[in-house]
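Note sheet for the following structure.
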Amino acid sequence: MGRITLEKVTKSFGEVNVIPPLDLEINDGEFVVFVGPSGCGKSTLLRLIAGLEDVTSGAISIDGTDATGLAPAQRGLAMVFQSYALYPHMSVRKNIAFPMKMAKIPEDEQKRRIDAAAKALNLTDYLDRRPGQLSGGQRQRVAIGRAIVREPQAFLFDEPLSNLDAALRVGMRLEIMELHERLATTMIYVTHDQVEAMTMADKIVVLRAGHIEQVGSPLDLYHSPRNEFVAGFIGSPKMNLIKGEAAQSHNAATIGVRPEHIAVSTTEGLWQGTISVSEHLGSDTFLHVHEHGLGDEPLTVRVGGEIPVKHGDRIWMTPDQERMHRFDKNGLRM
Ligand SMILES: Nc1ncnc2c1ncn2[C@@H]1O[C@H](COP(=O)(O)OP(=O)(O)OP(=O)(O)O)[C@@H](O)[C@H]1O
Ligand SMILES: [Mg+2]
């Protein structure tokens, strides 16, 4: 069981408060992703849950038991970091066994857990190698293996894949999702990566300056962002946020239109603009459009597939009115 509850948790470093009172409920078996700009407190929050930092005030409970004062080892949680500190002189097997050796788990039980973790992570053939003889992705799998054998109540991941190249990240992302399906253990995962957040999470927690801006499923946040901040943060490329006359005609201070909700035509439409950059990905084309009369920011438009346009072309754009977001002068969803 891995239900984690944070109640009025705050954290200050000296005079500086980085987490104002924060409440959060994480259900057993849930995959929760923390996202937010650099410095917003994602790692701090994870470290508070892990017990690597003490809360300044408030309470953390795990499965209904107060864990606020417990040492990290007593919380039954396992943390995996971006930099997987493996012991270079030890084999993969010994690296994975290390936390069990510390916990004085009997040898035969250690062997059983190592074999199971190695199988789950495709490391069976690498158990006798040393970390230096592995790829980055394999090393990260060893670090995850070391977390798995502790059979934790919950896994805490702090940007575990950000050191890996793009292709490996995709592979590891799927492996972690599969692992979650199989173990059904609570996972809390910090990332900067939009795609990771959207695809992995049951629940996304959007943080800004230590404060929770919104909690919801990926599609809740995509369809109904509570404010302009969440609207601009969730989704890639970012939602276009337009102020001025175009917004006023919808009785809003700001309107938001996602790049994929704007239709493009060479002959007719609502707004006209000039393409400054067109990015042709094959599967999609991203257009960055200026001189559109809607403000200083370029508009981003996403067109499925390939369209024959280039820098300097004038195009027409029509937003899908049904999928337009409206925000008031305080940036709140209307
Ligand atoms: N030990 C510390 N002493 C003082 N300030 C700290 C300490 N650890 C973190 N902070 C501050 O707390 C704030 C939150 O930091 P944190 O590392 O949690 O951010 P983050 O969201 O994980 O950022 P990133 O995405 O860059 O990893 C930052 O302003 C940071 O400077
Ligand atoms: Mg961090």
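Some notes on this structure:
- Histogram of C-alpha separations across the stretch 240-327, 5 Å bin width, %: 3, 15, 26, 28, 16, 8, 3, 0
- With 0.36 nm allotted per residue and the present C-alpha distance subtracted, the Gln133-Asp28 stretch has 34.1 nm of extension available.
- Between helix 107-120 and the chain: long-axis angle, C-alpha atoms, 0 to 90°, nearest 10: 20 degrees
- The stretch 91-143, relative contact order in percent, only Cα pairs under 8 angstrom and at least six apart counted: 54 percent
- Fully extended contour minus Cα-Cα distance, from Lys104 to Val195, at 0.36 nm per residue: 28.8 nm
- Within the accessible area of the stretch 183-280, the carbon and sulfur atoms contribute 52%, probe 1.4 Å, all protein chains present.
- Note on Asp284 and Ser57: the model spin-label points, each 7 Å out from Cα along the C-beta direction, lie 4.4 nm apart.
- Nonlocal Lys pairs with alpha-carbon distance under 18 Å, the stretch 4-230 (8 or more apart, or different chains): 8
- Under-5 Å amide H pairs with Thr254, H placed in peptide plane, nonlocal only: Phe327
- From phi via Karplus (6.51, -1.76, 1.60), per-residue ³J(HN,Hα) for the stretch 206-211 in Hz, x at Gly/Pro: 9, 10, 9, 6, x, 10
- Among the GluC sites (Glu not before Pro) in the stretch 202-294, those located in a DSSP loop and surrounded by at most 14 other Cβ atoms within 10 Å of their own Cβ are Glu268, Glu291.
The values are calculated or read from the model by the stated rules, or taken from the named source; none is laboratory data. No experiment lies behind these values; they were computed from the predicted model shown. When we count neighbours, we look across all protein chains shown, and the Cβ atoms used for this are built from the backbone with ideal geometry, even at glycine. These area figures cover heavy atoms from the full protein model, side chains too; ligands, DNA and RNA do not enter into them. Shrake-Rupley method; radii C 1.70, N 1.55, O 1.52, S 1.80 Å.
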